[in-house]
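> Structure provided below as structure tokens; questions to follow.
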Amino acid sequence: MQMTRKHLEHILHRHKRSHTRDDRYAFLTEWYDPTASLLRQYQLFYYPKDGSVEMFDVKNQRIFLRRTKYDNLHQEDLFIGNRVNVFSRQLHLIEYGDQYTANKLGSKKERTLALIKPDVVAKIGDVLELMYSSNLMVTKATMTKLTWSQAADFYVEHQSKPFFNNLVQFVSSGPVIAMELMGDEAVSIWKKLLGPADSAVARREAQQSVRAQFGTDGIKNVGHGSDSLAAAARELEFFFPSTIGHGPSNTAIFTDCTCCIIKPHAISEGLTGKILNSISSAGFEISALQMFNVDRANAEEFYEVYKGVVTEYPSMVTELCSGPCMVLEIHGTDAPRAFREFCGPADPEIARHLRPTTLRALYGKDKVKNAVHCTDLPEDGVLEVQYFFKILDG
Ligand code: ADP
Ligand code: MG
């Protein structure tokens, strides 16, 4: 009797331990070491309970960073292919480090293509808001204008349909925005959010859908979504080729323009849709849009003029390479001056007192996480736009 009890206690104790065991997620990551010009591999461990991280140097088989609390990493950012910033190192998440992590974080994660058609490109902010509220994350985005034959290639499966010509004609009639969406069951969630192809049917049968809210008819119906995982892979490859080559080119025009960067903190706080809406409602024309993962060397280069001038320079660099950012070309004869006005003072606290309707007053947190970068000097507008849309997207 006594023996059995002991045995049971032991089992209970073991179970209790395994239940209270700290959840630990493991990843294989790569970091480009600019001083050694080397790609280094680390195992990254993340403990969701207290938000601490730990790093293990794979090549040298030793602890690189002892378990330390780190507030700037969140569970939502932990998925394969993403880049996260850990103590100023931009780590590329290559694969799950163990089966537990893969099961827990990766099992239902899918990627799909969302193509925003020309009829609602100006309402991109509203569409993004709906995507975020369906727990879809935007991991890639680019504004492009398809030629007739590119659009025909994209819609080749509908070649024999009576509406094919109208469809291709419409999709190539103006700028579109291609996005990679990521999330649990992203393929079906995005299709469901779009609703039935005919906007009138959508208004009758799926009132909450994007097409019901923003669509016009069967052709002007807001967007496209991949039908299956296989279609998603093919369609993502069309816009965001992973191997050689370049997808359809960006729409930057490089004249009468200024550069706006929606900073990584604002993207990860889910403010992208709101910021884009504010920019459009203030009457600014967004003539190019793309998401970038800026690495440290490029962030330093881009901010070079602030080096030694602005005390926040090192933190600005760290912020810019801490995750994906979204870069916009804002077009208009007076765009550099007018847009800078609209962004407001660099310090959001000051902005909230003096210019409460500006972007930084509305969406900024502090002098570094101030929601947006905008070109300071009008003569630099074209140069900054070129840096992203010509050099980094070369
Ligand atoms: P979905 O975009 O919902 O996947 P389909 O794959 O059936 O819909 O069709 C592709 C696109 O072709 C639609 O988004 C729509 O723009 C257009 N389309 C489909 N059916 C019609 C139709 N009967 N008349 C006009 N356009 C249509
Ligand atoms: Mg379809």
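The values are calculated or read from the model by the stated rules, or taken from the named source; none is laboratory data. Remember, it's a predicted structure, so these values are computed and weren't measured experimentally. Neighbour counts are summed over all protein chains in view; Cβ atoms, including those assigned to glycine, are modelled from backbone coordinates with ideal geometry.
> I'd like the full set of residues that are in contact with a helix residue (DSSP H, G or I) (Cβ under 8 Å, 6 or more places away or on another chain) and modelled with pLDDT of 90 or more, limited to region 92-114.
Of everything in region 92-114, those that are in contact with a helix residue (DSSP H, G or I) (Cβ under 8 Å, 6 or more places away or on another chain) and modelled with pLDDT of 90 or more turn out to be Y96, E110, R111, T112, L113, A114.
> Continuing with the same structure: Is there any pair with a first residue in region 336-356 that is over 20 Å from D256 (Cα atoms) and touching a residue at least 24 places away in the same chain (Cβ under 8 Å) and a second that is in a loop (DSSP other than H, G, I, E, B) and of a type in the set (D, E, K, R) whose Cβ atoms are under 7 Å apart and which are 6 or more apart or on different chains, and what are they?
Sorted first by the residue in region 336-356, then by its partner, the pairs are A346/K367.
> Separate question: Under the condition of being of a type in the set (V, I, T) and near ligand 1 (Cβ under 9 Å from one of its atoms), which residue from region 215-237 is farthest from the chain's Cα centre (by Cα)?
Among them, the one singled out is I219.
> Now, a different point. So which residues in region 76-97 are within 15 Å of F64 (Cα to Cα) and either among the acidic types (D, E) or without any contact (Cβ under 8 Å) to a residue 40 or more places away in the chain (or both), if there are any at all?
Correct list: F87 only.
> Looking at (1) under 22 Å from R211 (Cβ atoms); (2) more than 16 Å from ligand 1 (Cβ to nearest atom); (3) more than 15 Å from the chain's Cα centre (by Cα); (4) small (G, A, S), which is the only condition A141 fails?
Failing condition for A141: (3).
> For region 160-254, please list each of the helices (runs of 4 or more DSSP H) lying entirely inside it that holds at least 1 residues being without any contact (Cβ under 8 Å) to a residue 60 or more places away in the chain and within 14 Å of T144 (Cβ to Cβ).
Fully inside region 160-254 and qualifying: 164-171.
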